[in-house]
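Comments concern the structure below.
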Amino acid sequence: MDSGKIAAVQMRNITKSFGSVMANDRVWLDIYKGEILALLGENGSGKTTLMNMLSGIYYPDAGQIFVDGREVVIRSPKDAFDLGIGMIHQHFKLVDVLTAAENIILGLHGEGKLDMKAVAARVREISGRYGFEVDPNQKVYDMSVSQKQTVEIVKVLYRGADILILDEPTAVLTPQETDKLFAVLRNMRDDGKAIVIITHKLNEVEAISDRVAILRHGHFVGDMPTAQTNAGEMTNMMVGRPVVLNIERPEPKNAEPRLEVSHLTVHDEEGVKKLDDVSFTAYSGEILGVAGISGSGQKELLEAIAGLHRAEGGSITYIEPGTGAREELVGKDPRDISDMGVALSFVPEDRLGMGLVGDMDLSENMMLRSFRRGRGFFTDRKAPHQLAERVVKELAVNTPSIETPVRRLSGGNVQKVLVGREISSAPTVLLTAYAVRGLDINSSYTIYDLINKQKERGVAVVYVGEDLDVLLELSDRILVLCGGKVSGLIPGRGATKRRVGLMMTRLGGGEGDE
């Protein structure tokens, strides 16, 4: 805590529970103007809940909040805005058919007949002041993820926010977009704004924050200047014990072609081409990383291989281990493909929408898989109940019991069940997308370890991830997609974020550029 200046926000003994779950337990937190504070903690540590109380989405059961030294009551987002507090959530709340300027003033009282030229001028003034790139007249449906996020930030600044909270702001940004965002955040900090970032990415914490505050199991553990700590110490404080932060990358052994994708073309439901003439080979005992900005065709690629999305052109050939027999997957249904040993572990925005049934408990959800007997990582297959117990134990799933309905688990724990179930099915090809999306660092490293164990078993792993740092450390080769086309296929060892980032944003960009 900084005793040299008055905090913009002081949270004292903030307590919040949901049923029997204590989300925040007498938390103290100070937020200062002219500072970027990183708020860290494992899944379920209470970070987002705490900030949701500051932004008016939840109301605390107990405790006090002071803004500029004055005790306040925040019962709604409007109350928070009136106090100069704005939160930018992971999932943007913009109306696609409206322009940036129209979204920015949406819902403001007494501004129905506003002079839109004046609004646009104010938006340009804010953008110029902090270094944003916003076209006030651009429609949201024409914007990239990064541009939408920019509109959300300008929206809270337009409404007078001096205290900004950003929840996982870089989750779907390219390295170049992240650099731009960080430059803007520094400009806002230098202008006296108080900024809080909730994130799991420790390298970003070290790059952007001035101070770090850490929660563990709903309790405030401590805070310190970022310059006086490191990733290892921060992780130890989050988890409560030393954690080794090291992603193994064993050399592939006896690599054989397992999946050949040739000239694959796929359209979405609206007829928009999502994959255009995509070709590559995935090998046994190898992790093939797939990089691309959000919406570049990663989802459609994995779903086409798994039989969940129809291909309009090209072929997907599965090569059987041992015999070398070749099977065409295009046209086969998902069950036939799954029975061959192709497992899809896809973690979408709606985790319960992909193969888990919310009202069923953990062991019943395990029964949705037709498990083969074999030497998977989870070797005990006597019953779905035992398998559920094994997944809960190995992945540290936080659940009252195996009989708990999946819908009552937190998003991160639902995710562990989904990933654990697919890995436990002893696949020969594992398609995994966003396996660690939203997971804390400790859980993420458990998943990386499981994926590497599959690789060592000779499984061909196709890994789609959002975190480029991890993709570069984990993958043996990296397939880069840009607008549904293959921008390049490069070795994981020696690849740089700059090179891959350029390839993600323009075809062939950066292939020879380090």
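The values are calculated or read from the model by the stated rules, or taken from the named source; none is laboratory data. Every value quoted in this text rests on a predicted model; they were computed, and no experiment measured them. Cβ: placed from backbone, ideal geometry, glycine included. Neighbour counts: every protein chain shown.
As for the range 53-67, it holds no residue that is polar (S, T, N, Q) and over 21 Å from V27 (Cβ atoms).
In the range 416-510, counting only strands (runs of 3 or more DSSP E) that sit wholly within it, none holds 2 or more residues that are over 15 Å from G289 (Cα atoms) and without any contact (Cβ under 8 Å) to a residue 40 or more places away in the chain.
Looking at the range 338-346, is at least one residue modelled with pLDDT under 90 and surrounded by fewer than 18 Cβ atoms within 10 Å (Cβ to Cβ)? So far as the range 338-346 goes, yes, one or more of its residues are modelled with pLDDT under 90 and surrounded by fewer than 18 Cβ atoms within 10 Å (Cβ to Cβ).
When M188 is tested against (1) buried (at least 19 other Cβ atoms within 10 Å of the Cβ); (2) farther than 25 Å from V470 by Cα; (3) in contact (Cβ under 8 Å) with a residue 60 or more places away in the chain, just one condition goes unmet, and that condition is (3). For the range 22-43, the criterion of being farther than 18 Å from L166 by Cβ and β-branched (V, I, T) is satisfied by at least one residue.
Scanning the range 160-179 for residues that are out of contact with any Ser or Thr (no Cβ under 8 Å at 6 or more places or on another chain), at pLDDT 90 or above and not acidic (D, E) yields G160, A161, I163, L164, L166. Annotation: of all residues in the range 222-236 being in contact (Cβ under 8 Å) with a residue 24 or more places away in the chain and crowded, with 18+ Cβ neighbours inside 10 Å, the one that is nearest to T317 (Cα to Cα) is T235. Hey, S127 hits all of (1) within 30 Å of A7 (Cα to Cα); (2) surrounded by fewer than 19 Cβ atoms within 10 Å (Cβ to Cβ); (3) of a type in the set (S, T, N, Q) but one; which does it fall short on? Here S127 meets the rest and fails (2).
Among the residues of the range 278-305, those that are more than 27 Å from L173 (Cβ to Cβ) and either in a loop (DSSP other than H, G, I, E, B) or without any contact (Cβ under 8 Å) to a residue 60 or more places away in the chain (or both) comprise T281, S284, G285. With respect to the conditions (1) closer than 30 Å to T496 by Cβ; (2) among the hydroxyl-bearing types (S, T, Y); (3) assigned to a strand (DSSP E or B), T317 falls short on a single one, namely (1). Considered as a group, the residues in the range 130-160 that are touching an Asp or Glu at 6+ places or on another chain (Cβ under 8 Å) and farther than 19 Å from T178 by Cα include one that is surrounded by the fewest Cβ atoms within 10 Å (Cβ to Cβ), and that residue is Y141.
From the list L308, L352, exactly one residue is at pLDDT below 90, surrounded by fewer than 21 Cβ atoms within 10 Å (Cβ to Cβ), over 17 Å from A460 (Cβ atoms) and touching a Leu at 6+ places or on another chain (Cβ under 8 Å). Which is it? I'd like the intermediate steps shown before the answer.
On the way: L352 fails: touching a Leu at 6+ places or on another chain (Cβ under 8 Å).
On inspection, the qualifying residue turns out to be L308.
Taken over the range 374-413, the criterion of being at pLDDT 70 or above and not in a helix (DSSP H, G or I) is satisfied by L395, A396, V397, N398, T399, P400, S401, I402, E403, T404, P405, L409.
Among the residues of the range 283-325, the ones that are closer than 24 Å to L472 by Cβ and small (G, A, S) come to 9 in all.
For the range 38-92, a residue qualifies if it is in a helix (DSSP H, G or I) and in contact with a strand residue (DSSP E or B) (Cβ under 9 Å, 6 or more places away or on another chain), and the qualifying residues are K47, T48, T49, L50, M51, N52, M53, L54, P77, D79, A80.
Go over the candidates G86, G56 one by one and state the one that is touching a Pro at 6+ places or on another chain (Cβ under 9 Å) and at positive phi.
Working: G86 fails: at positive phi.
None of the others qualify; the one that does is G56.
So, of the residues in the range 249-269 that are exposed (fewer than 13 other Cβ atoms within 10 Å of the Cβ) and within 26 Å of the chain's Cα centre (by Cα), which turns out to be farthest from N442 (Cα to Cα)? Among them, the one singled out is E269.
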